[in-house]
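Trainee: Mind having a look at this structure? Questions to follow.
The values are calculated or read from the model by the stated rules, or taken from the named source; none is laboratory data. What you are looking at is a predicted structure, and each value in this text was computed from that prediction instead of being measured. FYI the Cβ positions are ideal-geometry reconstructions off the backbone, even for glycines, and counts take in every protein chain you see.
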Amino acid sequence: MPDQKTTPETVNDAPEQGVETPGMNETGGETLEETTPEARIEALEAEVAELKDRWVRSEAENQNIRARAKRDVEDARQYAIQKFARDVVEAAENLQRGLASIPAKTEGEDTLITKLREGIEGTERSFINILERHGITCEDPTGKPFDANLHQAMAEQPSDQHTPGHVMQSWTPAWLLKGRLLKPAMVVVAKGTPEADAAKASPGLDTTV
């Protein structure tokens, strides 16, 4: 059999090994761009919006933390003397008890008793004024509706002279430190008498003919 000679035409027609034809992929199809410029811009805008949202949330949280810290510092500054103030009002109540133990003023009473009463009254007024300047106030709940947030009921008594559920007597006032309860008032609460309760429970008689 005669030898086949390789001609220049035959060499040029053979595809080169390892060389990809531009515009062709491994399967012989055309390659496509992964993303278009418009899609890339849209993705970047979405990423920027997400980062902005995260920043806004983080800034809001930081503002809440700063406000809470400021409030805690303010509370600590205003109410740091709370324990001391509770002890101080004990002294004020003792002054009131001492004043109440002195007999009521009568005509011709001993001068020593008069001076003693006036001295304790002056001391009490001065002491109360000092407490008020530092935000410590007291409230007499007598005649007011019972409030569990401010009053501590020590007893309950029937009374036809007081509205049921109201304070008929206060042993001590309610003390507050800048509006916050420092010490509740010790009170006696009125309740309805058996006669009044029976009258409410029984309907009135119809006397009309």
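Trainee: I need every pair where a residue in segment 58-72 that is aromatic (F, W, Y) has its Cβ under 6 Å from the Cβ of a residue that is in a helix (DSSP H, G or I), sequence separation at least 6 or different chains.
Mentor: Pairs found: none.
Each row is one residue, and each column tells you yes or no for (1) exposed (fewer than 10 other Cβ atoms within 10 Å of the Cβ); (2) closer than 18 Å to L176 by Cβ; (3) of a type outside the set (S, T, N, Q).
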site	(1), (2), (3)
N62	no, no, no
R68	no, no, yes
D75	no, yes, yes
I81	no, yes, yes
A85	no, yes, yes
V89	no, yes, yes
E93	no, yes, yes
L99	no, no, yes
I102	no, no, yes
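Trainee: Taking the residues in segment 44-85 that are of a type in the set (G, A, S) and assigned to a helix (DSSP H, G or I) as candidates, determine which candidate is modelled with the lowest pLDDT.
Mentor: A76
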